[in-house]
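Chemist: Sharing a structure here in structure tokens format.
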Amino acid sequence: MDKKIMSQTHIHLLITHLPIFGSILGGFVLIHGIWRKNNTTLIAAYNILIISAIGAAIAYATGEGAEETVEHIQGISKNTIEEHAESALTSLVGLTVVGVVSMAGIFVTWKSPSLVRPLALIALIVSLIGFGLIARTGYLGGQIRHTEIGTNAVLPANRGNGKDND
């Protein structure tokens, strides 16, 4: 029986959505925890954000292997890959900050009640920035193989001409 082992490309494609959805979900849970003044909800949000940061690190670590898989395929733009890779590094830094702030948030929530709300607001801001960074990275990554979402997408002859096609 032939056993197939997941490559870095498979792992990269599977894990890349975690930091995108996790960072926005963590932000929403954080908003709910701030609004309800519920420390358990804040800790849940921090855990989601930490898992998102770990997902970003895994996605970044497997990115090089994924690049090696697709860079020689006809129609794949090396410029698009490079732009995605540069954005991924920025996103990794951003989500690392989110993860560190979230770890601090857990500690503060347990040990320093007077700092819970200010740190939760800081975590919210950095999580939304992190989401923006990682969403852009995901968009750029999607353009590598999903040309229909890129700026060079080809429209059918009767589309995009400004006329009503109904």
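Chemist: For the chain, modelled as a Gaussian network with Cα springs under 10 Å, which listed residue fluctuates most, L14, L42, L92?
Modeler: Ranking L14, L42, L92 by mean-square fluctuation puts L14 first.
Chemist: Towards the positive end of the charge dipole of the chain, with charges on Cβ (+1 Lys, Arg; -1 Asp, Glu), say which of A61, H17, I73 has the farthest Cα.
Modeler: The listed residue farthest towards the positive side: H17.
Chemist: Among (i) 1.00; (ii) 1.27; (iii) 1.10, which is the computed Cα Rg over 2.2 N^0.38 Å?
Modeler: Recomputing Cα Rg over 2.2 N^0.38 Å here picks out (ii).
Chemist: With θ set to phi - 60°, apply the Karplus curve 6.51 cos²θ - 1.76 cosθ + 1.60 along the range 58-63 and write out the HN-Hα couplings as whole Hz, x wherever there is a Gly or Pro.
Modeler: Using θ = phi - 60°, the values come out as 5, 4, 5, 5, 9, x Hz.
Chemist: Per residue of the range 92-102, what does 6.51 cos²θ - 1.76 cosθ + 1.60 with θ = phi - 60° give for ³J(HN,Hα)? Whole Hz please, x for Gly and Pro, Karplus curve as stated.
Modeler: So the J values, rounded to whole Hz, are 4, 4, x, 6, 5, 4, 4, x, 5, 4, 5.
Chemist: Let me ask another. Could you report the range 7-50's accessible area per residue, 1.4 Å probe, as an integer in Å²? Intermediate results must be reported in sequence, preceding the final value.
Modeler: Details: 2440 Å² over 44 residues.
About 55 Å² of surface per residue is accessible.
Chemist: Subtract the Cα-Cα distance of K111 and A44 from 0.36 nm times their separation in residues, and report this length gain in nm to one decimal. Before the final figure, lay out the partial values.
Modeler: On the way: separation 67, 0.36 × 67 = 24.12 nm, distance 1.64 nm.
Additional length available on full extension: 22.5 nm.
Chemist: Something else now. When the convex hull of the C-alpha atoms of the range 81-125 is computed, what volume per residue in Å³ does it have?
Modeler: Values: hull volume 2.1 nm³, N = 45.
Each residue corresponds to 47 Å³ of Cα convex hull volume.
Chemist: Something else: What's the carbon and sulfur percent of the chain's accessible surface, probe 1.4 angstrom, rounded to a whole number? Don't jump to the answer; show the numbers that get you there.
Modeler: Details: 6730 of 10580 Å².
Using a 1.4 Å probe with all protein chains present, the chain comes out at 64 percent carbon and sulfur.
The values are calculated or read from the model by the stated rules, or taken from the named source; none is laboratory data. The shown structure was predicted, so the numbers you read here are calculated from the model rather than taken from an experiment. No Cβ is skipped: glycine too gets one built from the backbone with ideal geometry, and neighbour counts run over all protein chains shown. Each accessible area value is taken on the protein alone, full model and side chains, heavy atoms only, with ligands, DNA and RNA left out. Shrake-Rupley method; radii C 1.70, N 1.55, O 1.52, S 1.80 Å.
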